[in-house]
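Please treat every number below as a calculation from the coordinates, not as lab data. Keep in mind that what you see is a predicted model, and the values were worked out from it rather than measured. Neighbour counts run over all protein chains shown; Cβ positions are idealised from the backbone, glycine included.
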């Protein structure tokens with residue numbers, strides 16, 4: 001799994017890259033089953049919406065075998081190693097549910113804004129790679145991006161402790177308007193198995209899901225090992241402290257009996 | 001403006017029809033200006049979100065010249081006369097704002113459900129035709145439809161007086177799930193000037209708008225004159241009582257100096 005020169009240029013210019021159909025229906029079925037398993041667990045890593053439905057399972061790679069394998073999948077790790085130009089470790093791992101009818105908003109934010117402010121990560125040499133476990137459509141709360149916003153550095157942000165169950169450094173409306181008027185807004189949508197890479201400084205959000213179908217996305221936030229965090233304020237299962245470089249597994253690791 | 005046999009079949013089968021680029025950018029600019037004018041009015045017909053931003057201007061064709069002309073536009077009236085097979089009158093006229101950042105949800109519902117229950121409209125010989133005044137995208141709260149749901153008749157509904165500022169007969173989750181599992185969900189999106197026709201019984205909803213851009217849609221709810229409402233419970237500017245058949249104006253009526 002190697003990104004082409006053109007794909008690397010697109011990522012650099014826009015701040016994200018959409019790769020359709022990277023995982024087979026067998027693989028996404030396996031991950032869908034795994035997500036149901038982790039949401040059923042009563043663990044501190046599994047966060048719920050205000051009505052009790054699942055919102056996020058943090059660090060699922062540390063307590064679920066399928067997600068452990070996905071966390072070292074070559075179709076995810078190798079492109080990111082290519083973009084970040086070296087070995088990477090898992091800074092954060094989330095299985096985000098966006099439950100049917102009740103999945104709540106994620107307000108406008110930059111992930112690196114949080115990693116810098118809360119975790120003292122030196123530079124934005126870190127990024128997200130997401131796997132759609134279900135179809136993501138205009139109807140079920142897709143990710144929405146402001147292209148090119150990653151070129152503007154870390155924006156001023158306020159610590160939003162009220163909108164949802166998860167504390168987030170969010171951007172004010174004037175900033176979002178200004179960036180969107182420059183870069184536009186896009187909502188990459190597609191079937192289960194699609195993959196989305198985006199820069200740690202890309203401004204993004206996600207509307208509520210009012211559809212009758214859940215839509216789960218797995219997010220790996222990967223960081224160059226030299227750029228590891230310096231402050232251990234957040235729980236280790238939210239901002240990991242194991243900086244060991246990931247060794248990618250084999251391409252069939254999800255469906256193989258052993259890895 | 002005549003719908004083809006294929007378009008009529010598609011409407012009958014799916015319950016909606018999407019017509020891209022029916023109005024020019026000059027025409028939509030004129031309508032955008034008109035929508036700002038009506039939202040600035042302090043009138044009982046102009047409803048606001050809980051934070052004070054505009055939500056809906058009812059009956060705008062009765063107090064704004066551009067919307068008066070749009071309410072008799074041949075590109076809107078003639079296709080609906082074709083589908084409903086005869087002369088039509090305006091049952092309801094709405095300019096719906098879905099304001100930037102604050103535009104709230106419209107819960108799952110059927111419009112004819114309300115027209116039957118509240119207004120005693122005899123049959124579902126009535127429908128909506130909508131004009132996009134701004135671009136409608138996955139990011140700014142598009143309409144979402146359950147195709148083929150119009151074939152199932154009026155569904156059980158509860159009177160929702162709490163979710164938003166507007167009372168609505170909404171469907172329960174089990175019904176929405178069942179219909180969506182049969183028909184799927186679609187979100188027709190496109191630029192300003194697109195037109196969307198949908199059956200009075202088509203189940204639809206619209207998520208909040210978290211984008212920095214408003215998106216205004218004008219809705220004409222047109223009813224066959226023989227099928228006029230029998231009960232006058234709601235205000236006459238919400239459920240009109242003038243059943244005079246609309247005489248379509250000329251095709252250039254929006255930009256002409258006089259009509």
* Please report the orientation-averaged projected area of chain B, defined via the convex hull of its C-alpha atoms, in nm². => 12.6
* Asked: Of A:71, A:200, A:190, which is the most mobile in a GNM of chain A whose springs link Cα atoms less than 10 angstrom apart?
  -> A:190
* **Relative contact order, percent, chain B [alpha-carbon distance under 8 Å, six or more residues apart]** => 34
* Asked: Alpha carbon centre of region A:107-125 versus region B:1-39: separation in Å?
  -> 44
* Asked: From the square roots a ≥ b ≥ c of the eigenvalues of the alpha-carbon gyration tensor of region A:1-108, which class results: rounded (a/c under 1.5), prolate (a/b over b/c), or oblate?
  -> prolate
* Roughly how many Å is it from the Cα centre of region A:154-208 to that of region B:179-239, as a whole number? -> 29
* Between the label point of residue B:231 and that of the same position in each other copy, find the distances and list them shortest first in nm, with every label point placed 7 Å from Cα along the Cα-to-C-beta direction. => 6.1
* To do: Output, in nm with one decimal and in ascending order, the distances from the residue A:42 label point to the matching label points of the other copies (7 Å from Cα along Cα-to-Cβ).
  => 5.6
* Between residue A:4 and residue B:8, what is the spin-label point distance in nm, taking each point 7 Å from the Cα along the Cα→C-beta axis? -> 4.7
* To do: Kindly state, to the nearest 0.05, the FRET efficiency for residue A:50 paired with residue B:257, given R0 = 56 Å and r defined as their beta-carbon distance.
  => 0.50
* If r is the Cβ-Cβ distance from residue B:162 to residue B:241 and R0 is 35 Å, what FRET efficiency results, to the nearest 0.05? -> 0.75
* Which distances, in nm and shortest first, link the residue A:87 label point to the same label point in every other copy, taking 7 Å along Cα→Cβ? -> 8.3
* To do: Apply 1/(1 + (r/R0)^6) to the Cβ-Cβ distance of residue A:117 and residue A:36, taking R0 = 30 Å, and write down the FRET efficiency to the nearest 0.05.
  => 0.35
* To do: Mind checking which chain A residue has its Cβ closest to the axis relating A to B, and how many whole Å off it is?
  => A:138, 2
* **Pairwise label distance in nanometres, residue A:151 with residue B:250, each label 7 Å out on the Cα-Cβ vector** => 4.8
* Asked: What is the percent of Cα-Cα separations in the protein assembly as shown that go past 32 Å?
  -> 46
* Structure fact -> Looks like region B:119-259, by Cα gyration tensor root eigenvalues a ≥ b ≥ c and the a/c under 1.5 rounded cutoff (else prolate when a/b is bigger than b/c, oblate otherwise), is oblate
* Asked: So what is the 222 nm mean residue ellipticity for chain A from helices alone, if each DSSP H run of at least 4 adds -39500 (n - 2.57) and you divide by all residues, rounding to the nearest 500 deg cm²/dmol?
  -> -7000 deg cm²/dmol
* Please give, to one decimal in nm, the separation of the simple spin-label points placed at residue A:43 and residue B:63, each 7 Å out from Cα toward the Cβ. => 5.8
